[in-house]
Structures are given as C-alpha cells and as structure tokens.
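Inspection log for the structure reproduced underneath, given as structure tokens.
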Amino acid sequence: MSEVPDSYDPDAAEQKWHEEWADSDVYSYDDDPERPDYIIDTPPPYPTGNLHIGNALGWCYMDFAARYHRLKGDDVLFPQGWDCHGLPTEVKVEENRDIHRTEVSREQFREWCIEHTNDQIGAMKETMGTLGFSQDWNHEYRTMDPDYWGETQRSFVEMASDGYVYQDEHPVNWCPRCETAIADAEVENEDHEGTLYYITFEGVGNDDIEIATTRPELLAACVGMAVSPDDERYEDRIGDTFEVPLFGQEVELIADDDVDGDFGTGAVMICTFGDKQDVDWWVEHDLDLRPVFTEDGKLNELAGEFEGQTIDEAKDAIATALQKSGHLNDEEPTEQSVGQCWRCDTPIEILSKEQWFVRVDQEEILEQAQAVEWFPEHMYSRLEEWTEGMEWDWVISRQRVFATPIPAWECEDCGHVHIADSEEVPVDPTTDEPAVETCIECGGESWTGETDVMDTWMDSSISPLYVAGWPDADFEPVQLREQGHDIIRTWAFYTILRTAALEDTIPWEDALINGMVFGEDGNKMSKSRDNFVQPEEVVEEYGADAFRQAMALGGQPGSDIQFQWKEVTSASRFQTKVWNITKFASGHVDESTADITDPAYRDADEWILSKCARVAESVAEDMEEYRFDSALREVREFVWHDLADDYLELVKGRLYEGRPGERKAAQHALYTALTASLRMLSPFAPFITEEAWSHLPTDGSVHNAAWPELPEGDTETERRGELIAAVAATVRGWKSDEGKPLNADLDRIEVYLDEDLPLDTYDLADTVNGPVYVEQGRPNIELVPVDVDIEHSELGPAFRDQAGAVIGKLEAADPAELQAELETEGHVEFDLDGETVTVDAEMFDIVEEQRSESGEEVVVLEAGDATVLVVE
RNA sequence: GGGUCGGUGGUCUAGUUGGUUAUGACACCUCCUUCACACGGAGGAAGCCGACGGUUCGAAUCCGUCCCGACCCA
C-alpha cells in the first residue's frame with residue numbers, strides 16, 4: 001500500500017506488471033491433485049510473425065477464462081504452442097535465400113526453416129505479453145521440435161496399427177504450384193468467370209454429338225461422355241461411340257443421373273480427372289485412366305503436340321486448334337466454381353497417386369462432436385455439415401520437406417512397407433534405418449525411407465493430447481478449446497477425429513468458437529481498405545486493458561465483431577473511474593481495515609454488500625458460460641453506478657467525519673466492495689486491477705486472489721439501503737436540474753412511504769445536506785390524481801380477452817373517482833356489458849401531480865416507491 | 001442451389017421462457033466546478049426494433065412469407 005498517483009499511466013503500469021509477472025509464478029500450472037484442472041487447448045498459431053487482431057480476440061477469450069478460473073481456485077494450465085511445419089515457411093525461406101528447396105539437402109533446408117520459424121515466434125510472443133495474456137511459458141511447445149513431432153509419429157503408428165492409417169493409390173486433390181497432395185479441407189471453391197466451349201464429337205457409325213465444357217485442355221484425358229437418362233434428346237443414343245477431336249480416342253456415351261440436363265447441351269465429357277464427379281463416374285462405369293496432367297501442372301505425352309504446355313496455355317491452344325479443325329461451334333461466358341489451394345489460390349487438379357490416408361469414420365466423429373459442448377451451440381452444425389459431406393478419406397501425405405516425417409520404409413526387394421514401432425519415434429526415415437533389420441516378408445535388408453511427410457494438421461490435431469501429457473498420462477478430455485469458426489472443418493474436425501481414434505473420447509469438454517474481427521467500417525480488415533488495426537496501435541494509445549475490454553464488449557462470443565475505437569475510449573474512461581475510486585478509498589482504509597470485526601453496518605453498507613454478492617454470483621454464471629460481454633457489462637454497471645455514484649456519495653459523510661464505529665463500518669464495506677470489484681474486473685483488465693490492488697491493503701497479486709464470495713445480506717435491510725440510494729440520487733438529480741451545487745443546504749426533506757419502513761437517515765441526511773424525516777402515508781400537500789398507470793402483466797392474464805375493454809374503462813374513468821373508490825373499497829368495479837368486473841389494486845396505479853397553484857416552497861419528487869418532499 | 005447466423009436511435013450494441021414506458025456506449029445539445037473523478041455529474045434530442053401477414057387481451061420477442069447482409073457448404 002502506498003500513495004496513489006493522481007492519474008493512471010497505462011504504459012508504465014503495464015510495462016511494470018508484465019515484467020513482474022514474467023519473473024513470478026502467478027500463472028503457473030501446479031498440477032495440484034487437490035484442485036480441479038482447467039486445461040486450455042490453446043491454438044498453436046502458425047508463426048507468421050504477426051499476431052493480428054483476429055488472433056487477439058481468441059486469446060482474449062482464453063485469457064478471460066483462464067484468469068476467471070484461477071480466481072475460482074482451479075489449477076489452470078494455459079499453455080502455448082506453435083504450429084511450425086508447413087508450406088508458407090518453406091516458401092518464405094526459398095524467397096529469403098533465393099533458392100529452390102531441391103537445391104540443398106533436406107537437412108539444410110529444414111535447418112533454415114527452423115531458424116526462420118524461431119524468429120517469427122519471438123515477435124508473436126512479444127505481442128502476447130503486451131496484451132497481458134497469462135500463458136504458462138513453462139508449457140510452451142513447438143511442433144517442429146522432435147519431442148513434439150515424435151508424438152505426432154507415435155499417433156501415426158498407433159493409428160496405423162488400429163487400421164485408421166493406410167496407403168493406397170487414389171485420386172487426390174493436387175496443388176500444381178505446391179506440388180503436393182492436399183486434403184479436401186484445404187481446397188476452397190471460388191467463383192470465376194470462365195468460358196463454356198461447345199464442341200462436336202464425330203460419331204463412329206452413328207450421328208455426331210455436341211458437348212459443352214469449360215475445360216478443352218482435358219480432351220486428351222477424355223474417357224467417356226454422359227447424358228441424363230431422362231433427357232429425351234439422347235433417348236436412343238446411349239451406347240453410341242464417338243471420336244475425341246484432335247486426340248482420336250473413341251469414347252462411349254453413357255447415361256447417368258448426376259448429369260445436369262440443363263447445362264450446356266445436356267451432354268458432358270468424362271475425363272481423368274476434371275473434378276470429383278469425374279472420379280465418381282470413372283469408378284462407377286469402370287472407365288479407362290488417361291491422366292494427362294503432370295505434377296507441376298503441365299500436359300504430358302498423352303497430349304501429343306500440346307505436351308509440355310501449362311494448363312492455361314493448353315486451354316487456349318486446344319480451343320484454337322478445335323476452331324481450325326471445325327469442331328468448335330460456339331463459346332460463351334459462364335460462371336464456374338473452381339477449387340483452389342487455400343494457401344496459394346492456385347486451381348487444384350485431381351491426380352491419382354500412391355498416398356497415405358486416414359480413414360474418416362463419420363459416425364464416430366459425429367458421436368464425439370455431439371458430446372462436446374459448443375459455444376455458441378450452433379457452431380456444432382458447421383462441423384456436422386462438413387462431416388456429413390465428407391466424400392474422401394483424409395489424405396495425410398505431403399510431397400514436401402518441412403514437416404513431420406512419415407515413419408515408414410519400403411523394402412527394396414519386395415516392396416513391403418514397414419511402419420516404425422512406437423518405441424522408435426522420433427525417427428526420420430530419410431536418414432535413419434528402421435529398427436527391424438530384415439523384411440518380414442522376404443528377409444531383404446535394404447530399405448528406402450519414405451520421403452513423403454505429414455500434413456501439418458497431423459501435428460496440430462494432437463494438441464490437446466500433447467498438453468495433457470499424452471501418452472505418459474491417461475488422457476482425460478481437457479476443459480476448453482478456443483478457436484475461430486473458420487477452422488472448424490480443419491482443426492476442430494481433425495482433433496475430434498484423432499482423439500476418437502487414439503483415445504476413444506472427446507478432446508475437450510467445451511469448444512468456444514470466436515467470430516471474425518472486422519474493421520470499423522464493417523468490412524473485413526485489409527490494408528487496401530485502410531481499415532486495418534493492429535493490437536499494438538490500440539495498446540500504444542489506450543493500453544492493453546482498454547483493448548481487452550473493447551474485445552470483450554464487441555459482441556457475444558461466437559458472433560463477428562466490429563472493432564470500435566469508441567469501445568476503447570469508453571473502456572479507458574471506465575478505468576479512470578476505477579482509478580479514482582481506488583484513490584479515494586485508499587485514503588480511508590489501512591492495514592487494519594480488512595480485520596475489522598463485527599462492523600456496525602448501516603443500511604447503505606448492507607445494501608452495497610448484498611448487491612455486490614449478487615453481482616459476483618451473476619457475473620460468475622456469465623463467465624462459466626463464456627458470456628464475457630455481459631459479465632463485463634455487469635461489473636462496469638456495478639462499479640460505476642452502484643459503487644461510485646451511489647454508495648460512495650452516501651458514505652462520504654461517515655468516512656470524513658463519522659464517529660469511529662460508524663466510520664469503520666463504512667471503511668470495511670468500501671474495502672470489501674472495491675476489492676471484490678477489482679477481482680471481478682481482473683480477468684478483463686489485468687494491469688490496472690493489479691496496480692490498484694497493490695495500492696490497497698491487500699496481499700499478493702489480484703490474479704492469485706479468490707473470486708469474491710460475500711454473504712447474502714438481509715433483504716429487508718438491503719431494500720432500505722436501495723431506497724436511500726434512490727432518494728439520494730433523485731435529490732442529486734433535482735439539485736442539478738435546479739442549477740444548485742450538489743452540496744447546497746436544504747431546510748429538510750420528507751420521505752413518504754406506503755409502508756412502515758424505518759429508513760436509516762444518517763447517511764442520507766449527510767448526502768442531501770439537510771435533515772431527513774421519514775413518514776408513513778401520504779404527504780400533506782395537495783396532490784391531484786391525473787392518470788392511471790396500468791400494470792399490464794397483472795391485468796392482462798386476469799382478464800384475457802376482456803383485458804382490452806377493462807383497460808378502456810380504466811383509461812376513460814376519472815382518476816380522482818378511481819382513487820376514491822380504491823381507497824374506500826380496495827378495488828374498483830366496472831359494468832362490462834351487464835357484467836360487473838372487479839379490478840384489483842395491484843393492476844393499476846394512480847398517477848398524482850402536485851397542484852401547480854399551491855405556491856408553497858415545496859418540491860415533490862418520486863424516488864422508487866417513495867414520495868420525497870424537499871423544503872429549501 | 002442447401003445450411004447457419006444476423007438486420008434494434010447517426011454509429012456500435014443489450015434485450016427474444018411474449019407484458020404495452022427498448023439497454024448501454026460513442027457522437028450531438030443544455031446545465032453544473034460540489035472535499036475520488038470535467039476522461040466527471042445531471043438532463044435532453046434522437047428508434048414505425050428489415051418488410052408484410054398471422055397467433056394473442058398484449059409481439060423487438062412466437063409462427064409464416066419475403067427483402068437485405070455475413071459466413072459455411074455444393
């Protein structure tokens with residue numbers, strides 16, 4: 001506890017606490033068997049070197065949850081990993097060093113990739129620290145480290161022995177630029193303007209036929225043609241044979257339900273392979289295989305004179321040739337959806353190659369996914385839809401370098417493929433020999449190591465297993481996965497698949513899905529739109545706490561949020577408020593405050609403490625459900641309006657000049673409510689709360705404190721306190737309206753209540769600056785009933801379809817007569833179509849006004865249930 | 001084409017187990033320097049709660065149709 005500076009300097013405080021925390025163990029996971037675990041499966045980001053605002057949103061959510069659960073007493077593990085492997089790094093290294101990866105050894109290339117990755121990680125860690133994220137850096141991991149990718153290999157080996165992993169030749173998505181197979185999840189469909197070519201195929205012993213295609217470059221790969229069986233134009237032509245123009249192979253016309261008769265001429269060509277549909281037809285109708293594309297996206301020898309041209313070149317050249325030969329009848333623009341590599345946007349091809357696959361068991365995955373609790377709930381349907389639409393198994397082999405090696409060798413004598421034993425990992429088959437010396441099939445002793453490597457998702461999809469200590473510890477699902485909705489089909493999907501396959505359970509209990517962060521103009525952030533905001537910019541201007549609050553209040557978790565500078569501004573103002581409250585309080589409390597026994601609480605104290613207790617409970621409920629927006633809103637509301645505006649004003653008198661016992665009660669209540677508020681706020685604003693905490697007579701770090709648990713006070717006392725606060729606020733408002741200073745003297749005020757409620761006038765009198773008299777009943781001034789205020793929620797259900805008519809009667813009646821009847825009878829009666837209806841007192845109120853000509857020096861105010869008379 | 005989410009004062013946002021007077025923030029206007037705070041306080045203007053229809057005594061909230069936007073999938 002020390003002198004509190006007049007203003008809060010976020011830069012200095014954040015810097016100070018960031019360093020202090022780094023050297024302490026406030027955020028360390030204790031692996032304490034006595035306390036419940038709260039383990040977060042933190043996303044291992046790709047080390048791009050830049051933690052953007054979208055990442056920051058997700059990390060804010062995790063940090064809110066981590067900090068809240070620490071206060072709740074859970075043993076929190078908030079680790080941080082890095083998903084290092086992958087193509088972008090390879091490309092970056094090639095660029096930076098101006099080489100092609102094949103020009104150096106695999107080892108050298110890998111070395112450079114690791115070096116590059118480490119630099120990128122450093123930059124991102126710094127941003128994480130700036131933003132106040134509370135990872136336990138003793139639990140950092142990098143998927144490129146052997147002790148991580150060794151586990152990736154172990155998981156591969158286990159899945160192979162359980163029949164999940166297999167090797168096969170099957171058509172796969174192929175990126176001709178990256179020159180590797182890619183999984184369905186890594187293909188994105190984009191709409192493009194293309195050209196639809198109408199081409200005549202000459203009949204062989206029958207009439208010609210005209211087909212429409214957007215891909216004439218595939219003519220050499222044509223192995224069939226198809227029409228819809230319901231298409232009358234081609235009714236008698238199924239089985240006819242045609243010659244493929246320019247290339248000469250003969251193909252047959254088949255009927256298939258999947259042909260869209262409305263597209264083009266209703267006849268299409270089947271190639272190996274234009275798209276997945278072609279693969280289906282190829283399998284179903286047992287067609288020939290005529291692969292015409294090379295791995296680097298060119299045409300091969302089957303294309304004859306077009307061999308060696310790129311796909312784009314060949315498209316034009318073949319169209320021109322068709323024109324010359326008279327086969328091209330027409331061309332027109334058309335909308336087409338093109339599958340592209342999600343990393344480089346190159347249109348993908350489908351090639352049939354020997355690859356490694358992971359079997360996709362849709363049912364098993366969905367069963368597990370349903371057992372996970374999704375926040376928001378509807379995010380599950382994203383996963384469900386994707387899973388149900390899966391057509392192909394997951395191809396996990398990549399023809400690249402910087403990735404986890406597939407631990408397998410092929411016997412050079414008999415071709416038998418040997419997969420490493422789980423004791424052997426980590427192992428690189430391109431440099432290491434298998435542990436078995438001879439081939440179990442043929443006894444051969446020469447092995448060729450597998451050069452294919454694994455899909456990077458094979459690394460990251462064991463992250464919950466890895467952070468939970470697998471395989472050394474029995475795997476229990478961790479508590480939280482937080483991620484963006486854009487990677488549900490990849491990271492979430494693969495993680496569920498892998499955990500089901502390896503451990504037959506769910507990876508995590510809760511899946512919290514964050515939305516995207518848009519720019520202030522509501523559009524996606526982009527440099528060209530000039531709506532790009534970096535977290536660091538915000539921190540520089542307003543501090544990390546303000547940034548974090550803005551992220552929390554941007555919207556409910558799951559929905560996309562728009563970054564708003566004004567949210568940052570208002571957060572910053574709120575912090576000033578918190579600071580000033582702390583400054584005020586620190587002048588009134590000392591080391592002995594917390595230990596005051598049996599404080600003689602007055603009504604105001606009871607009120608703020610029970611209110612605080614309820615807020616703490618309700619905020620905790622929100623935090624459990626990851627409703628960060630409403631949690632923070634509620635804390636702010638409490639701190640600003642209840643604690644600062646109302647309570648502080650009420651107890652100033654006692655604090656400044658109360659008798660010792662009365663003063664001590666106020667000090668104790670203030671101390672309790674304020675420190676509870678700081679704790680509730682600390683997940684959102686870790687720096688200012690820590691700084692404020694350190695200026696109050698408290699122990700240790702606010703982040704190691706306990707979530708506030710206050711006893712629920714007596715409700716009657718609380719109601720009295722609330723009424724006092726309401727009267728004080730009303731008088732304050734009136735003074736302001738009258739242009740009077742808040743401390744203006746009043747002759748007296750009289751508070752009239754319908755019931756006998758012994759209000760504690762001590763604080764109130766001091767606050768309004770005049771003596772206070774509490775009376776039961778109605779003030780002795782001339783009040784005129786002017787209106788009825790109908791209580792629809794009481795009246796509506798009671799009268800149902802008569803409600804409209806009853807309301808009409810009440811509104812038409814003279815309020816004075818209603819009041820008279822009410823006072824004598826306790827209810828009012830109406831005649832409704834010959835029927836007498838009784839309207840009870842709780843169904844309406846009579847609104848009264850002071851008669852304007854009274855001319856007295858008296859002001860009548862309404863404060864909650866009380867009528868307040870002010871005499872100047 | 002299928003699916004999901006959303007459409008609330010100028011802007012962003014809360015509220016949807018139905019209750020008639022819709023929350024807060026930012027911006028705007030007016031007033032107020034009072035012993036934590038003018039980055040404050042008190043107040044004001046500003047909404048046909050996307051449109052239409054239905055259910056109901058009563059609809060931002062429930063149902064239907066449509067329009068618009070975002071995202072996912074084909």
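Figures for the structure shown
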item	result
Within region A:729-780, considering residues that are aliphatic (A, V, I, L, M) and within 16 Å of RNA strand B (Cβ to nearest atom), the one surrounded by the fewest Cβ atoms within 10 Å (Cβ to Cβ)	A:Leu742
Among (1) open to solvent by less than 20 Å² (accessible area, probe 1.4 Å); (2) on the phi > 0 side of the Ramachandran plot, the one test that A:Glu690 misses	(2)
Criterion: of a type in the set (Gly, Ala, Ser), crowded, with 17+ Cβ neighbours inside 10 Å, under 30 Å from A:Ala729 (Cα atoms) and out of contact with any Lys or Arg (no Cβ under 7 Å at 6 or more places or on another chain) - qualifying residue of A:Ala866, A:Ala841	A:Ala866
Filtered residue count, region A:448-487, keeping only those that are open to solvent by less than 10 Å² (accessible area, probe 1.4 Å) and out of contact with any strand residue (DSSP E or B) (no Cβ under 7 Å at 6 or more places or on another chain)	6
Residue check for A:Leu497: closer than 29 Å to A:His18 by Cα and either more than 16 Å from RNA strand B (Cβ to nearest atom) or buried (at least 24 other Cβ atoms within 10 Å of the Cβ) (or both)	no
Meets criteria (open to solvent by 10 Å² or more (accessible area, probe 1.4 Å) and either within 11 Å of RNA strand B (Cβ to nearest atom) or touching a helix residue (DSSP H, G or I) at 6+ places or on another chain (Cβ under 6 Å) (or both)) for A:Gly522	yes
Among the residues listed as A:Val539, A:Val533, the single one being more than 11 Å from RNA strand B (Cβ to nearest atom), in a helix (DSSP H, G or I) and surrounded by 16 or more Cβ atoms within 10 Å (Cβ to Cβ)	A:Val539
Restricting region A:552-566 to residues that are near RNA strand B (Cβ under 7 Å from one of its atoms) and assigned to a loop (DSSP other than H, G, I, E, B), the residue that is most open to solvent (accessible area, probe 1.4 Å)	A:Gln556
Any hit, region A:597-619, residues being touching a Cys at 6+ places or on another chain (Cβ under 6 Å), among the small types (Gly, Ala, Ser) and under 21 Å from A:Trp707 (Cβ atoms)	no
Of all residues making up region A:605-627, the number that are farther than 30 Å from A:Glu662 by Cα and among the acidic types (Asp, Glu)	4
1 or more residues within 16 Å of RNA strand B (Cβ to nearest atom): qualifying helices (runs of 4 or more DSSP H) within region A:1-118	A:10-22, A:53-71
Filtered residues of region A:389-427 (kept if part of a loop (DSSP other than H, G, I, E, B), touching a Pro at 6+ places or on another chain (Cβ under 8 Å) and surrounded by 20 or more Cβ atoms within 10 Å (Cβ to Cβ))	A:Ile406, A:Pro407, A:Ala420, A:Val425, A:Val427
Pair list, Cβ under 6 Å, 6 or more apart: region A:643-671 residue assigned to a helix (DSSP H, G or I) and at pLDDT 90 or above, other residue of a type in the set (Ser, Thr, Tyr) and within 12 Å of RNA strand B (Cβ to nearest atom)	A:Glu649/A:Thr767; A:Leu650/A:Thr767
Flag if A:Tyr198 is surrounded by fewer than 18 Cβ atoms within 10 Å (Cβ to Cβ), away from RNA strand B (no atom under 16 Å from the Cβ) and among the aromatic types (Phe, Trp, Tyr)	yes
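The values are calculated or read from the model by the stated rules, or taken from the named source; none is laboratory data. Predicted model, so just to flag it, every value in this text is computed and none were measured. Note that we place each Cβ from the backbone using ideal geometry, even for glycine, and neighbour counts take in every protein chain shown. For accessibility, only protein heavy atoms count, side chains too; no ligands or nucleic acids. Shrake-Rupley method; radii C 1.70, N 1.55, O 1.52, S 1.80 Å.
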